[in-house]
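Below you'll find the structure, written out as structure tokens, and then a few comments.
The values are calculated or read from the model by the stated rules, or taken from the named source; none is laboratory data. Not measured: the values here are computed from a predicted model. Every residue, glycine as well, gets a Cβ built from its backbone with ideal geometry; the counts of neighbours run over all protein chains shown.
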Amino acid sequence: MPTLFTTPLTPGLVAHIALEAVNLQRGNTWVFESLSLQFAEHRIGLIGDNGAGKSSLFRLICGLDQPQSGHVYLPPAASEDAAPWVGMMFQNSDEQIIFPTVEEELALSLRHLRLSRAEAQTHVRTWLATRGLADWAPRAIGSLSQGQRQHVCWLALLIGAHHTLLLDEPFASLDLPGQALLRQEMAAAPQQIIVSTHVLDHVRHFERVIWLDRGHVRADGPGAQVCAQYEADVATRAAHAINKT
């Protein structure tokens, strides 16, 4: 039976997420076959074509999908009231945000603390004020731009105090100032961050990048090296496509 454990894969990897021999099938399609990965580095990028399995990998780590076989390992919680180890930002913020105001949405990330509604509201407002965003607390989500909604999703991850943040195409709906701000905040965040993106410049400097190709790991190594390999492969495929026309 597929299982999600909160114990480490091997001794000494207490703070690592790992997948062991994971098989994931959707309909008649195998998304992953015997996929094994460990995620130890502070900054990890995921790259690859559409349909390569990047979002599916995130959903497995979060427990939103369950494999047909194999295991997903998460580190054990430090206490009963600790935040979930993993937090995820979806590609589309409208699929993630469920409450009508910013402060209510951020308060959802504090549910593990078992605060009263008033306590959670105070915590959120104080936290936003420390970031210079006190006026955001009562704002209606419907009044925000798509980029601002994406920023709310990012704030929800930060206030939730997760150990690992999964960001699925986090720059897609951001303008250049928004991208610059997110990059700065990501660089300053103490959490482990795993980023799925088609914009290679956002992960080229990462210590590790994984190139997924139809559910398999095509390359895994330093960001600059793996991004260059992927770019070369894309250029080769594009040239072949042109030659066929």
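For residues in the stretch 120-146 being of a type in the set (Ser, Thr, Tyr) and under 19 Å from ASP175 (Cα atoms), which is nearest to the chain's Cα centre (by Cα)?
From the stretch 120-146, those of a type in the set (Ser, Thr, Tyr) are 122, 126, 130, 143, 145; that's our starting set.
Filter once more, keeping what is under 19 Å from ASP175 (Cα atoms): 143, 145.
Working: SER143: 25, SER145: 21 Å.
Among those residues, the one meeting the criterion is SER145.
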Residue among ALA238, ALA224, ALA219, ALA188 that alone is out of contact with any Pro (no Cβ under 7 Å at 6 or more places or on another chain), over 25 Å from LEU24 (Cβ atoms) and at pLDDT 95 or above: ALA224
Condition first: in contact with a Ser or Thr (Cβ under 8 Å, 6 or more places away or on another chain), aliphatic (A, V, I, L, M) and buried (at least 17 other Cβ atoms within 10 Å of the Cβ). Now tell me which residues in the stretch 128-162 satisfy that. ALA137, ILE141, VAL152, ALA156, LEU157, ILE159
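May I ask you to say which residue of LEU176, LEU182, LEU200, LEU167 is in contact with a Ser or Thr (Cβ under 8 Å, 6 or more places away or on another chain) and aliphatic (A, V, I, L, M)? I'd like the intermediate steps shown before the answer.
Numbers: LEU176 fails: in contact with a Ser or Thr (Cβ under 8 Å, 6 or more places away or on another chain); LEU182 fails: in contact with a Ser or Thr (Cβ under 8 Å, 6 or more places away or on another chain); LEU200 fails: in contact with a Ser or Thr (Cβ under 8 Å, 6 or more places away or on another chain).
After applying the criteria, what remains is LEU167.
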Anything in the stretch 120-152 that is at pLDDT 95 or above, assigned to a helix (DSSP H, G or I) and touching a strand residue (DSSP E or B) at 6+ places or on another chain (Cβ under 9 Å)? List them, or say none. ILE141
Which of the residues belonging to the stretch 199-215 are at pLDDT 95 or above and under 24 Å from GLU33 (Cα atoms)? ARG208, VAL209, ILE210, TRP211, LEU212, ASP213
Among the residues of the stretch 199-241, which ones are in a helix (DSSP H, G or I), under 17 Å from the mean Cα position of the chain (by Cα) and among the aliphatic types (A, V, I, L, M)? LEU200
Could you grab me the full set of residues in the stretch 163-181 that are surrounded by fewer than 21 Cβ atoms within 10 Å (Cβ to Cβ) and in contact with a Phe, Trp or Tyr (Cβ under 7 Å, 6 or more places away or on another chain)? HIS163, GLN179
